[in-house]
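Take a look at the structure set out below.
Just so it is clear, none of the values below were taken in a lab; they were calculated from the coordinates. All values reported here derive from a predicted model rather than from experimental measurement. Methodologically, a virtual Cβ is constructed for each residue, glycine included, from the backbone with ideal geometry; neighbour enumeration extends over all protein chains shown.
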Ligand code: ADP
C-alpha cells in the first residue's frame, strides 16, 4: 500500500523559495577582487538569481546542459549556483588552481556550453580558449568594465546579461533525480573523474549537514565558508546556510589571507567557518603574530585533510574555538562524517576530547560505512582493526560521468570504495589511517603514514610533515619522514626520533628524517605524495 503523502520533488529551487519568504533581510557579504566589500540581502540575491535564470533560459540552453564556473567565493558565484541548477542546467565548478591541461580536459569532457568566469581568470581562459571548441560563449562575472580588454569571442558581462531580465522566474518542476552539479576529482593519478550531483542528493545532504550533531547550522549563525565554491559544493554550505537563513560571508579571492579572514570574522560576527587545514594555519599564524584573539568564532569545521592535534589545541586554548573535524570526498557531495560529542562525553577530560577531535568524526544518518580487509571480510568497530573504507547512501555517487560501469569504483553489492583506509571505534568515530595507495606495507603489516605525520606535527619546531614509503630490501617498505621546520628553528633528526618515541609503535618510527624547504601540495591543499615519491625515488634506506 502506498502512503498518502504529497510527491513534491526535493529541488534546490525550493530552498530559494523558502529562504526568500522567510529570511529576506538576512545578509550576504563578499570581499571583491578590488578589495571592496559587497553587501546585500537574501531578497536582493534571489532577485538576481531569477534574473540570471531568465537570462540563461533565453540564450538557448536545453535541460541538462553544462555551464562551468571558474570563480572565487562571492555573491555572483552563489547566484550562479542557484540559477544554473534551479533552472535545469548543470553547474560545473572548476578549480582555477588546477593545471591548465586539466582545466581543458574537464571543460571538453563535460562539454560545457558556456563558461562563467571571474574577471581575474580572463587571462587564463584567453590562453585556453582555442582548445575548448564546444564552448559557445563566456560570461564574465563583473560589469561592462570587466570585459573591456579581453580578446575572448562572444563574451558578455554578467551585469549586462541579467540587466534587463525580469526578477520573476517560474522554476521548472524537475525530476529530483535530474543532474544539477558537476565536480571533477582532483585527479592526482590519471584523468580527473566527473561526479554528477542531483537535486535530491543536494537537498538531503543539506538537511543532514545543518543537524545539531553535524554542522549545527541555524538562523542565528553567521557562516564564513573559506572552502571554495569550486571545492565539492563548498561542502554543501550554500544549500545548508540558505535553508536555515544564516548570514553568509565570503572572502572572495582573499581566502589565504590571514588578515582578511580575521577581520571578516570580527567585523561580521562570524560564528562558524569551514575550510581545509592549510587555510587555518594562515589564520592562526596571523592571530599569533599580531597577538589577537578570535572573539566571535565559536566553531570551525575542518576537513579535506587530517587536522593536526596542535591546530585543534591552538584553536581551543588560545581562541576558545571548537574544532569539528569532518571527512568526505567529491564522490560523497562531500560529507560522510563530522565530529560531535555523544551523550556523556561533555564530561571527558580536555585531552580525551582532543583525542576524539583528531579522529575524522562519526557517521551521519544517510551515509552507511563499513571497513573490510583484503578478502572483503567486514571488520569490527573496535578502534583497532583497520581496513578499506566503503560507503553507501543517497548522496554518494553511483558512478562517474561518462565512465558508467568502467571505473571499478564500486563493489558488487553496491558500496563505493573510498580509497581510504580507516578504523572505527565502538562509539562510531572513524579515523582515517591512510589512503589505500599511501599506506606503508612493512614486513607484511600496514603502517599508517597519517598517524606518523600527526605525531611529528605535534613537535613545536615542525611546520609540516609528510611520510612516504621507501623501498627496503628487508621489509619491502619503510616509512621516511619528510619535515619542513618552522622558520628559524633548530631541529635535529635525533630530537624528532626521541620526540616520537613512546607516542607510536616502535616499529612505526621512521628510520630516517629528511628536511626540505617546502612540501608540495595539490590544488586542494593536500600533501602531494606522488610528487614526494618521485622526488625521493632514488632514496636509499639506511639499513
Ligand atoms: P579534494 O582532493 O578535491 O579535496 P577528494 O574527493 O579527492 O577531494 O578528497 C577526498 C579525500 O580527502 C578523502 O578520501 C580522504 O583521503 C581525504 N580527506 C578528506 N577529509 C579528510 C580528513 N578530515 N582527514 C583525513 N583525510 C581526509
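Here are a few things to note about the model shown:
- With contacts taken as Cα pairs under 8 Å at a separation of at least 6 residues, the chain carries a relative contact order of 10 percent.
- Separation of alpha-carbon centers, the stretch 319-393 and the stretch 58-136, rounded to whole Å: 34 Å
- Between the helical axis of 42-58 and the longest alpha-carbon principal axis of the chain there is an angle of about 70 degrees.
- Sequence of 185, 436 once ranked by neighbouring C-beta atoms within 10 Å, starting from the fewest: 436, 185
- Computed from the C-beta positions of residue 375 and residue 476 and an R0 of 22 Å, the FRET efficiency is 0.65 to the nearest 0.05.
- Pairwise FRET efficiency - residue 43 versus residue 136, Cβ, R0 = 51 Å, nearest 0.05: 0.95
- Distance between the C-alpha centres of the stretch 148-193 and the stretch 418-490: 40 Å, rounded to the whole angstrom.
- Modelled label positions at residue 293 and residue 220, each set 7 Å beyond Cα in the direction of Cβ, lie 2.1 nm from each other.
- Listed peptides 139-146, 437-444, 198-205 by packing density, highest first (mean Cβ within 10 Å): 198-205, 139-146, 437-444
- Here the relative contact order of the stretch 438-543, from alpha carbon pairs under 8 Å that lie six or more residues apart, stands at 27 percent.
- Ranked for footprinting exposure by Cβ neighbours inside 10 Å, fewest first, 97, 220 give 220, 97.
- Per-peptide packing, taken as the mean over residues of other Cβ atoms within 10 Å, places 115-121, 40-46 in the sequence 115-121, 40-46 from highest down.
- Cβ crowding within 10 Å averaged over residues, with 282-288, 168-174, 64-70 ranked highest first: 64-70, 282-288, 168-174
- Cβ crowding within 10 Å ranks 91, 397 as 397, 91, fewest other Cβ atoms first.
- The stretch between residue 535 and residue 144, if pulled fully straight at 0.36 nm per residue, gains 136.1 nm over its current Cα-Cα span.
- Between residue 407 and residue 484, the contour length at 0.36 nm per residue exceeds the alpha carbon distance by 24.1 nm.
- Shape of the stretch 438-543, Cα gyration tensor, a/c cut at 1.5: oblate
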